[in-house]
Each structure stands twice: as C-alpha cells, then as structure tokens.
Amino acid sequence: MKTYAVNVYREDGWWMVAIPEIDGLTQARSLREAEHMARDYIASGLMCPLIHLT
C-alpha cells in the first residue's frame, strides 16, 4: 500500500489540502472533510477506486 503525506492549512476560510508528492491541491469546507478530500483527489488523479477507512 502506498502512503502519501498531506499538508492541511487554513486559507481564506477554506482548509487547503496539499499532496506534494503528486503536486495536488484541493480544498475542504471543514477540517473533518480534509481527509476525504485528500483521498478522493489521490484516487481521481491515479484513476483508481476510492478506498474508505473502516
């Protein structure tokens, strides 16, 4: 399983979710949503199914 480092920071009322290894950047409305947005961005960029945590 591949692991990606994700950096999350606040900017203009949004949580910015940066994935440096794949030069990715997305945003989330809440900090709680940030992990989902990172996983979705990575899965979409690599064209693989989204993996959900149990």
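The values are calculated or read from the model by the stated rules, or taken from the named source; none is laboratory data. All values derive from a computational prediction rather than experimental measurement. Heads up, the Cβs are rebuilt from the backbone with ideal geometry, glycines too, and the neighbour counts pull from every protein chain shown.
Would you point out the residue of region 17-47, among those that are over 9 Å from the mean Cα position of the chain (by Cα) and hydrophobic (A, V, I, L, M, F, W, C), that is modelled with the highest pLDDT?
Restricting to residues being over 9 Å from the mean Cα position of the chain (by Cα) and hydrophobic (A, V, I, L, M, F, W, C), the top hit is L31.
Name the pairs whose Cβ atoms lie under 8 Å apart, with the first residue in region 25-48 and surrounded by 11 or more Cβ atoms within 10 Å (Cβ to Cβ), the second assigned to a helix (DSSP H, G or I) and aromatic (F, W, Y), and 6 or more positions between them or separate chains?
T26/Y41
Looking at region 1-16, which of the residues that are of a type outside the set (S, T, Y) and modelled with pLDDT under 95 is farthest from the chain's Cα centre (by Cα)?
Initially, region 1-16 is screened for residues of a type outside the set (S, T, Y), giving 1-2, 5-8, 10-16.
Checking which are modelled with pLDDT under 95 leaves us with 1-2.
Values: M1: 17, K2: 14 Å.
Selected residue: M1.
From the list A43, A34, which residue is aliphatic (A, V, I, L, M), touching a Pro at 6+ places or on another chain (Cβ under 9 Å) and in a helix (DSSP H, G or I)? Let's see the steps before the verdict.
Working: A34 fails: touching a Pro at 6+ places or on another chain (Cβ under 9 Å).
The conditions single out A43.
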